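See structure below.
Computed from the coordinates by the stated procedures, all read-outs in this text should not be read as laboratory data. As the structure is a prediction and not an experimental result, all values here were calculated from the model. Cβ sites come from the backbone with ideal geometry, for glycine too, and all protein chains shown count toward neighbours.
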Amino acid sequence: MKFYAPYPVYAKRAKGGHLWDLDGNDYVDYMLCFGPMILGHGHPKVLEAIRKQMDRDGTVIFGPPHELEVRMAERLKRIFPFADLVRFTNSGLEATLHAIRIAQGVKRRFKIAKFEGAYHGSYDEVLVSLTPAVADAGPADAPKALSGSLSTTPAELANTVVLPLNDLDACNQILRAHRDEIAALVIEPVQRGFLVADPEFLKGLRETTRDLGILLVFDEIMSGFRMEKLGAYQNLVGVEPDLMTLGKIIGGGFPCGAFLGTAETMDAVNPVTRPPSERVFHGGTFNGHPTVLAAGLATLDVLEEPGTYPYLNRISDQLRDGLNNLFEDLRLPGQAIGPGSTFNIVFAKGPMRNYRDAAKADKKLRQLFDYGMLARGIHFHPDKPWYTCTAHTAEDVERTLTAAEDVLRKMA
Ligand SMILES: Cc1ncc(COP(=O)(O)O)c(C=O)c1O
């Protein structure tokens, strides 16, 4: 994931919204470690919380449960009121994996439904149809499940039902055809940071899954805390899942994940109410790591300050609007799209509603843009979304737009 040809930028140091490579080049950083660094690199309050936790507790990790787990769980429950219980993991991958396992255990069904082009972590079941070649992927309203890794087993492929984003009729038909087999429908409500599920579509999925007894899982690992205000996409549209996953930002830059659920679903892992034979096993040496949670809580503290989101929105809009103005002025078919503090740059005209729309984008133009920007001191992962942070300044945006104008003029 970190590689791109001929070789990626190797980082040496980072501070605020900037990153320096081994040769000492200064970049404005829009990778931000694929999202977690929403306050920028080395935020003083986050660094202080990390140091304090270690000084206060005398160790980096205890083993037994501790206060920070409870504080983080209570904080997340306040922000996501559908959730009664919270469990921690060490990555987003683990969070979706365990949410899916819980659904399979609760329902005693073993298929999962996921969307074409959606990413839920690096394991075989959810890598199915991550970046399928459209020519091989069947009709848009009945996508074929295609392996996303040579390691995928035939059983995993057969157990994954692939859905088209924002086509409720097609989803309903596919879900009904597998009605007694699917345990969970897992969705990124803002797929890859830019393909937004329509509120009506999400409401429709909520109704259908409830009807068919399928558990609805919102994977908000990427969209969590990156919308226009505190919370995730579900808070904006008022649709509640049965389970949700978080990661990235809640660890303040350390490895982290969490899954949250209703009491009814999360009871599956409850060692008090259930004997082992009736339980879904969940455990992990480093789950709920105190240093990680201290950094995450400090990050949420800053995000909850009244000025934080208005500033982040302003910077993100300036950047997005500036890029879109350049595309328009230079008559290039580009668009910077996505809500909140994440967006993608797609060289294609027209609405972007699902994987197939995005797959029509001109990859060659995107590559020219990406490498031109990298060469001019703007850092992000080629062909991936951009993330903004509260440490980005108006000068950073100006420097970025000046570089973009230079690159795009040569492309026009
Ligand atoms: C929506 C989504 N789910 C899951 C993951 C996996 O998280 P991690 O990389 O922490 O395993 C990611 C990571 O980018 C993600 O964006």
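Please enumerate, by chain and number, the lysines with C-alpha under 24 Å from the C-alpha of Lys45, excluding those fewer than 8 residues away in the same chain. List returned: Lys12, Lys15, Lys77, Lys229, Lys248. Normalised Debye scattering of segment 196-289 at q = 0.11, 0.13, 0.24 Å⁻¹ gives log10 I(q)/I(0) of -0.40, -0.56, -1.25, counting only Cα atoms as equal scatterers and leaving out solvent.
The share of Cα pairs per 5 Å bin across segment 6-106, counted from zero up to the longest distance, runs 2, 9, 12, 15, 17, 16, 12, 9, 5, 1, 0 percent. So what does the Cα-only Debye profile of segment 55-97 read at q = 0.20, 0.21, 0.22, 0.26 Å⁻¹, as log10 I(q)/I(0), no solvent term? Ignoring solvent entirely, the Cα scatterers give -0.80, -0.85, -0.90, -1.04. Placing unit charges on the Cβ atoms only, positive for Lys and Arg and negative for Asp and Glu, gives segment 45-303 a dipole magnitude near 500 debye about its Cα centre. Between Glu398 and Leu22, the FRET efficiency estimated from the beta carbon spacing at R0 = 30 angstrom works out to 0.70. When a/c reaches 1.5 or more, the comparison of a/b and b/c decides; with that in mind, is segment 98-173 rounded, prolate or oblate per its Cα gyration tensor? Verdict is oblate for segment 98-173. Viscosity 1.306 mPa s, temperature 10 °C: what is the translational diffusion coefficient of segment 95-252 from Stokes-Einstein with a Kirkwood Rh over Cα pairs, rounded to a whole number of µm²/s? Calculated translational D: 102 µm²/s.
Percent of C-alpha pairs per 10 Å bin in segment 247-329, short distances first: 15, 25, 26, 18, 11, 4, 1. The loop-placed trypsin sites (Lys or Arg not before Pro) in segment 207-291, going by DSSP, that have at most 16 neighbouring Cβ atoms within 10 Å of their Cβ come out as Lys229, Arg279. By the Cα gyration tensor, segment 63-128 has an equivalent ellipsoid whose semi-axes, rounded to whole angstrom, run 26, 14, 13 from largest to smallest. Based on alpha carbons, the Rg and Dmax found for the chain are 21.2, 66 Å. Placing unit charges on each Cβ (+1 for Lys and Arg, -1 for Asp and Glu) gives the chain a dipole about its Cα centre, and among Val237, Ser223, Gly253 the Cα reaching farthest toward its positive end belongs to Gly253.
Checking the a/c ratio against 1.5 first, then a/b against b/c, what shape does the Cα gyration tensor give for segment 314-400? Note, shape of segment 314-400 comes out prolate. With both labels modelled 7 Å from their Cα along Cα-to-Cβ, the Arg376 to Ala135 distance reads 3.4 nm.
A simple charge model with +1 on the Cβ of Lys and Arg, -1 on the Cβ of Asp and Glu and nothing else charged puts the dipole of segment 193-330 at about 440 debye relative to its Cα centre.
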